[in-house]
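Novice: If you scroll down you'll find the structure; I have some questions about it.
The values are calculated or read from the model by the stated rules, or taken from the named source; none is laboratory data. If you're wondering where the values come from, they're calculated on a predicted model, not measured in any experiment. As a convention, Cβ positions derive from the backbone with ideal geometry for all residues, glycine included, and neighbour counts pool all protein chains shown. Remember, those area values only see protein heavy atoms, side chains included, never the ligands or the DNA or RNA. Shrake-Rupley method; radii C 1.70, N 1.55, O 1.52, S 1.80 Å.
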Amino acid sequence: MSQITTHILDTTKGKPAANVSIALLQQVGDNWQEIARGKTNADGRIPDLLPKEKQVELGVYKMKFYTQEYFAQDGTANFYPFVEIVFNVAENAHYHVPLLLNPFGYSTYRGS
């Protein structure tokens, strides 16, 4: 499993959000550098965003979820074209960054 993982649940449908594009970026000074990209599987997860053996440097990261593309798949109007979650990697540990999503809101937390 990747050191950084995610899971998206579409709370309107009560189902995982499949086929959502996600980018993982690292803060470098005042800029962001993309270090990985993937799409959620049928269970709304990306278990291999990073290679198993890859350990990221300590620092600030963000996951960018391309939500407008996801909602456009079935013609659902939405408010947020993308969601960005910024978080600290403060130790060499697993970081699970889930997203609870609906067309007009979202929430997140540090998962396990």
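Novice: Restricting to region 13-27, what's the tally of residues that are open to solvent by less than 70 Å² (accessible area, probe 1.4 Å) and within 17 Å of Val89 (Cα to Cα)?
Specialist: The qualifying residues number 4.
Novice: Can I ask one more? Since Asp10 meets every condition but one in (1) open to solvent by 70 Å² or more (accessible area, probe 1.4 Å); (2) charged (D, E, K, R); (3) touching a residue at least 60 places away in the same chain (Cβ under 8 Å), which condition does it not meet?
Specialist: (1)
Novice: Somewhere in region 71-78, is a residue part of a helix (DSSP H, G or I), among the small types (Gly, Ala, Ser) and at negative phi?
Specialist: Looking through region 71-78, at least one residue is part of a helix (DSSP H, G or I), among the small types (Gly, Ala, Ser) and at negative phi.
Novice: The conditions are (1) hydrophobic (A, V, I, L, M, F, W, C); (2) surrounded by 14 or more Cβ atoms within 10 Å (Cβ to Cβ); (3) out of contact with any helix residue (DSSP H, G or I) (no Cβ under 8 Å at 6 or more places or on another chain), and Val83 fails exactly one of them. Which is it?
Specialist: Every listed condition holds for Val83 apart from (3).
Novice: Taking the residues in region 40-74 that are within 23 Å of Gln27 (Cα to Cα), of a type in the set (D, E, K, R) and in contact with a Phe, Trp or Tyr (Cβ under 9 Å, 6 or more places away or on another chain) as candidates, determine which candidate is most open to solvent (accessible area, probe 1.4 Å).
Specialist: Checked region 40-74; the qualifying residue most open to solvent (accessible area, probe 1.4 Å) is Lys64.
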